[in-house]
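Taking it in order: structure first as structure tokens, then the write-up.
The values are calculated or read from the model by the stated rules, or taken from the named source; none is laboratory data. Small disclaimer: the values here were computed from a predicted structure and weren't measured. Reconstructed Cβ throughout: ideal geometry from the backbone, glycine too, with neighbour counts over all protein chains shown. We work out accessible area using only protein heavy atoms, side chains counted, and drop any ligands, DNA or RNA first. Shrake-Rupley method; radii C 1.70, N 1.55, O 1.52, S 1.80 Å.
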Amino acid sequence: MFLDYCSEPAYGEGTDLLFRWSFGKKGMGQNRTVQQDDDVIDLLEILLALKRRLWIIVLAVLAGGCLAGVYSQFILTPQYTSSAMVFVLSKETTLTSLADLQIGSQLANDYQVIIKSRPVLQEVIDRLELDMNYRMLKGKLTIVNEPDTRILTISATDADPQLAKRIVDQVASTSSDYIGEIMEMVPPKLIEDGEVSLVPVSPNKKKNTLIGAMAGGVLVCGLITLGVLLNDTIQSEEDVEKYLELSVLASIPEQEDRQKGNGKQSGRHRKRRKKKRKPAKTGMMKKR
């Protein structure tokens, strides 16, 4: 039988040093290592650690959401989108046959590539006198072909809603002329020109706030879980029995707490003595 102690306090306990008397040969528990216990992750211990630090997780969620909201509101630049629609034709006459419809659908795929080609975009830059190259302008454009239709939707996104409208209108006009000249076919017909958007399409403040809140919560939960997994110290009597294979006989509190307890008890005794002495003093004063 020997005296073992743990300098790390158990969860929920004070800052006492826990001294434990344990049975067994000295050094037996320290030299043994149970590999099965080391490889098993105690989910209950992780859940209890998360529960004890629930207030930290809540604060992290609120802080992450607030930071993401402030970043979206004051730092990110709003972006506006303007869209135009063009109709693809395969010949001058009205489309009546199934072959004409199929050719029109195939041409819509070809037009998507031609509209984003360098000659078309460079001509748009020159006409609008834009301070950007064609790669930058290409990144601002989006072309969508709705399924089973011959209608192309051209969209331009920019921080200036007026400029976004000018870009999409010029792209639709320039690409239509270029397609009619190069492919020697009927150019696409403009169905709807762009309009100035008053509502920004990005940033999505609600979405960013939600993502920031989730990121803050996940980050703190990950740090707490990592701390539990990397913590290999003996923190409770159950850990002594589990890892050292020793039976705990008793635990001795730290000396400071015992002194505090004795101080409280002596203070109580003094108060009781003072209360007992008071009647004697009042009696003597009456005799005088």
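Within the range 144-158, if we keep just the residues that are out of contact with any helix residue (DSSP H, G or I) (no Cβ under 7 Å at 6 or more places or on another chain) and open to solvent by less than 50 Å² (accessible area, probe 1.4 Å), the residue that is farthest from LEU198 (Cα to Cα) turns out to be THR149. Within the set of pairs 6 or more residues apart or between chains, which connect a residue that is more than 17 Å from LEU198 (Cα to Cα) and open to solvent by less than 50 Å² (accessible area, probe 1.4 Å) inside the range 72-86 to a residue that is part of a strand (DSSP E or B) and not hydroxyl-bearing (Ser, Thr, Tyr) with Cβ atoms less than 9 Å apart? Sorted first by the residue in the range 72-86, then by its partner, the pairs are VAL86/ILE151; VAL86/LEU152; VAL86/ILE154; VAL86/LYS189; VAL86/LEU190; VAL86/ILE191; VAL86/GLU192. Inspect all residues belonging to the range 193-214 and state whether any of them is under 17 Å from LEU89 (Cβ atoms) and in contact with a strand residue (DSSP E or B) (Cβ under 9 Å, 6 or more places away or on another chain). Among the residues of the range 193-214, not one is under 17 Å from LEU89 (Cβ atoms) and in contact with a strand residue (DSSP E or B) (Cβ under 9 Å, 6 or more places away or on another chain), which makes the answer no. Inside the range 80-117, residues that are at pLDDT below 90, out of contact with any Lys or Arg (no Cβ under 9 Å at 6 or more places or on another chain) and not in a helix (DSSP H, G or I) make up a count of 6. Scoring THR77 on the criteria (1) within 30 Å of PRO253 (Cα to Cα); (2) modelled with pLDDT of 90 or more; (3) part of a loop (DSSP other than H, G, I, E, B) leaves a single failure, condition (1). Looking across the range 133-152 at every residue that is among the hydrophobic types (A, V, I, L, M, F, W, C) and free of Cβ contacts under 8 Å to residues at least 60 places away in the same chain, the one that is farthest from LEU107 (Cα to Cα) is identified as MET136.
Among the residues of the range 180-226, write down those that are under 30 Å from LEU47 (Cα atoms) and either polar (S, T, N, Q) or more than 40 Å from the chain's Cα centre (by Cα) (or both). Across the range 180-226, the qualifying residues are ASN208, THR209, THR225.
Here THR142 passes the criteria (1) among the polar types (S, T, N, Q); (2) part of a helix (DSSP H, G or I); (3) at pLDDT 85 or above; (4) out of contact with any Pro (no Cβ under 9 Å at 6 or more places or on another chain) except the one numbered (2). Filtering the range 179-236 to residues that are over 23 Å from ILE57 (Cβ atoms), open to solvent by less than 60 Å² (accessible area, probe 1.4 Å), in contact with a helix residue (DSSP H, G or I) (Cβ under 8 Å, 6 or more places away or on another chain) and assigned to a helix (DSSP H, G or I) leaves only ILE179.
If you go through the range 149-167 and keep only what is touching an Asp or Glu at 6+ places or on another chain (Cβ under 8 Å) and either part of a strand (DSSP E or B) or of a type in the set (A, V, I, L, M) (or both), you end up with THR153, ALA164, ILE167.
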